[in-house]
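Readers should treat all values here as calculations from the given coordinates under stated rules, not as data from a laboratory. What you see is a predicted model; the values in this text were computed from it and never measured. So basically every Cβ, Gly included, is an ideal-geometry build from the backbone, and we count neighbours across all protein chains shown.
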Amino acid sequence: MSDDAPKPARRRWLPTVIAIVVIAAILSVAVPASDRLTAREVAAVDGLRAIADVETLVKRGSKQYYVGDVYALHGQLKLLPSDVAEADATWGGTRRPRAGYWFVALAEPPADGFAFAAYPASHPHDGRLTFIIREDARVWAKDVGGSHPTRWPADPKTEGWRMIEEANTPR
């Protein structure tokens with residue numbers, strides 16, 4: 001055999017592919033699929049956070065929270081994005097879900113603040129989780145079959161709600 005014979009090509013890409021597969025496997029174990037939010041659920045959480053932000057501005061100006069319907073927060077000042085306001089489940093005008101979710105003020109908010117919910121327009125097609133938020137800006141999630149609570153839970157954790165982690169829902 002001659003030294004001039006062509007040498008087999010080295011597979012330099014193989015270690016990169018192996019590293020990518022290993023990293024993907026680690027990430028899939030680190031964040032279980034059941035804890036990840038869908039894009040629609042993230043949009044619902046973002047809508048609730050927008051509502052909470054507007055409530056904070058309202059309180060600064062009037063020294064009290066507004067606890068009525070979502071659309072009224074949009075009002076004349078246009079502080080709430082219109083796609084969130086138009087997803088008010090109780091508003092009498094032209095309404096449409098935002099990314100498959102309706103928003104509603106809870107009929108019985110905590111005595112010291114406000115409470116709103118986002119729930120799927122069509123469960124489970126648009127989403128499984130219902131989300132709630134109050135003045136502490138913590139978002140809680142629970143699969144309640146597509147409905148929403150009418151009151152803030154006395155203790156969300158013991159009533160089966162789980163707090164949504166910041167890492168799961170970019171702000």
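Listed values, structure above:
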item	result
Theoretical FRET efficiency, 1/(1+(r/R0)^6), r = Cβ-Cβ of ASP83 and THR38, R0 22 Å, to 0.05	0.80
Dipole of segment 46-171, positive direction: furthest Cα of SER147, GLY92, ALA121, with charges on the beta-carbon	GLY92
Relative intensity, log₁₀ I(q)/I(0), of segment 55-114 from a Debye sum that treats every alpha carbon as a point, q = 0.16, 0.22, 0.23 Å⁻¹	-0.51, -0.89, -0.96
